[in-house]
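Student: Handing you a structure now.
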């Protein structure tokens with residue numbers, strides 16, 4: 001049992017020494033990471049202004065609607081003018 005354990009440790013140590021730390025696909029992995037990061041940045045740069053615009057316009061529409069309701073309520077509170 002001890003021999004098997006020692007042999008496994010030796011094989012693992014030998015494979016770490018003989019194989020490079022970064023595989024042959026590390027360059028491609030780096031490019032994929034950069035591409036996904038760039039796409040995320042572009043999405044954020046598009047999303048933030050669009051979200052701000054939609055929020056501001058929704059608030060202005062809501063404000064205009066509330067002002068119209070207040071005007072109508074004030075008009076309904078006034079006595080009807082007879083002609």
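The values are calculated or read from the model by the stated rules, or taken from the named source; none is laboratory data. Being a predicted model, the structure only gives us computed values, none of them experimental. FYI the Cβ positions are ideal-geometry reconstructions off the backbone, even for glycines, and counts take in every protein chain you see.
Student: Which of (1) surrounded by 10 or more Cβ atoms within 10 Å (Cβ to Cβ); (2) more than 22 Å from the chain's Cα centre (by Cα) does residue 79 not meet, given it meets every other one?
Tutor: (1)
Student: With respect to the numbered conditions (1) loosely packed, with under 10 Cβ neighbours inside 10 Å; (2) at pLDDT 90 or above, which one is the sole condition not fulfilled by residue 68?
Tutor: (1)
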